[in-house]
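The values are calculated or read from the model by the stated rules, or taken from the named source; none is laboratory data. Only a predicted model underlies this, so the values are computations on that prediction, with no experimental measurement involved. Every residue, glycine among them, receives a Cβ derived from its backbone with ideal geometry; neighbour counts consider all protein chains shown. We work out accessible area using only protein heavy atoms, side chains counted, and drop any ligands, DNA or RNA first. Shrake-Rupley method; radii C 1.70, N 1.55, O 1.52, S 1.80 Å.
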Amino acid sequence: MIGKGKSISHGVAALEYDLAKEIDGQAAATEIARHELYGCTGAEMVQEMKPYFTDFPNVKNNCLRFEVSPSIEESSSFTDTDWAELGNDFMQRMGLMNHQYIIIKHSGTESKKKQAHLHILANRISLSGELYRDNWIGKRATEAANAIAKERDFVQSQDIGKANKAEIKEAMNEVLKKLQGFDLAKFQKELGKLGFKVREARASTGKLNGYYVTARSGTEYKASEIGKGYTLAHIEQTQKKLKYNQMSISHGNKLTSGKGGFHL
């Protein structure tokens, strides 16, 4: 799980963005929880914070903004109640339960449609009139997220990534061995049958630059993240090696390289 945090001066703009988030023209924002805020718009809620700003006229960054993002696998079964508990737990660990704040869930991002996460906007001044110190706030947000992940026994994101990539690689190898030659459309179709989605990456000119593969869990990876041998520039060579190995096994022999090329 990832936690990010910073102090900002543009509270209204940030909150309006959080509330109005859309992906592919569809609403992607859901209010999860709020504390001591009653307005309907970002402007109204920040206006409610302003009386607390008056004692700190020289403080420019008077709002705090956080992002809390579990992995797709960790949050796949979350209800809105689960998200609210996660957000409030994070705020408690950050020492911000005595501050005005609102928690908004985004169902995904433009590039990762299933990567749900939380955005939190808080008044930097507490309800008791104390200024929250923003020294190392990003580091503290990371530590709070790590503590929650450890307590909830979440699988570390890097371990999930390794498992996903290994699963994708195994499926890609099976498809490459099956195909007579490499054809991206056929490759895409065969991987789709196994539950992996392939998305082409094209430049504004329409030129094909590469491709992405989505794991069964919903996390998307660049071909280069699976391995250099699976990029468009090298995948045909990888396919040839796989077929050599397959031929060797099927004949009960081992192919070895020598001065004259490959030998049985």
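Some notes on this structure:
- Of Lys4/Lys165; Lys162/Lys243; Lys4/Lys241; Lys21/Lys197; Lys21/Lys207, pairs whose Cα-Cα distance is over 32 Å: Lys4/Lys241
- Candidates His99, His234, His119: whichever shows maximal mean-square fluctuation once the chain is modelled as a Gaussian network with Cα springs under 10 Å: His234
- In this structure, the pairs whose alpha-carbon distance is over 26 Å, taken from Lys113/Lys222; Lys50/Lys114; Lys113/Lys178, are Lys50/Lys114; Lys113/Lys178.
- If the segment from Arg216 to Ala185 were pulled out straight at 0.36 nm per residue, it would be longer than the present Cα-Cα gap by 9.2 nm.
- Based on protein heavy atoms only, the chain ends up with 56 Å² per residue of surface accessible to a 1.4 Å probe.
- Candidates Gly11, Asn245, Cys40 compared by Cα position along the dipole of the chain: farthest toward the positive end lies Asn245, with charges placed on Cβ.
- When you restrict to C-alpha pairs under 8 Å that are six or more residues apart and normalise by the size of the chain, the relative contact order lands at 18 percent.
- Loop chymotrypsin sites (Phe, Trp or Tyr not before Pro), region 75-168 (other Cβ atoms within 10 Å of the site Cβ: 15 or fewer; DSSP): Phe78, Trp136
- On a per residue basis, the convex hull of the C-alpha atoms belonging to region 102-182 measures out at 153 Å³.
- Calculated mean residue ellipticity, 222 nm, the chain: -12500 deg cm²/dmol, from DSSP H runs (n ≥ 4) at -39500 (n - 2.57) each, averaged per residue and rounded to 500.
- Degrees, to the nearest 10: 11-20 long Cα axis against longest axis of the chain: 50
- With N as its number of residues, region 2-155 has a Cα radius of gyration that, divided by 2.2 N^0.38 Å, comes to 1.01.
- In this rough spin-label picture, where each label sits 7 Å from Cα along the Cβ direction, the Leu131-Ser248 distance is 6.8 nm.
- With the convex hull drawn over the C-alpha atoms of the chain, the volume per residue is 188 Å³.
- Cα radius of gyration and Dmax for region 158-251 (Å): 13.4, 47
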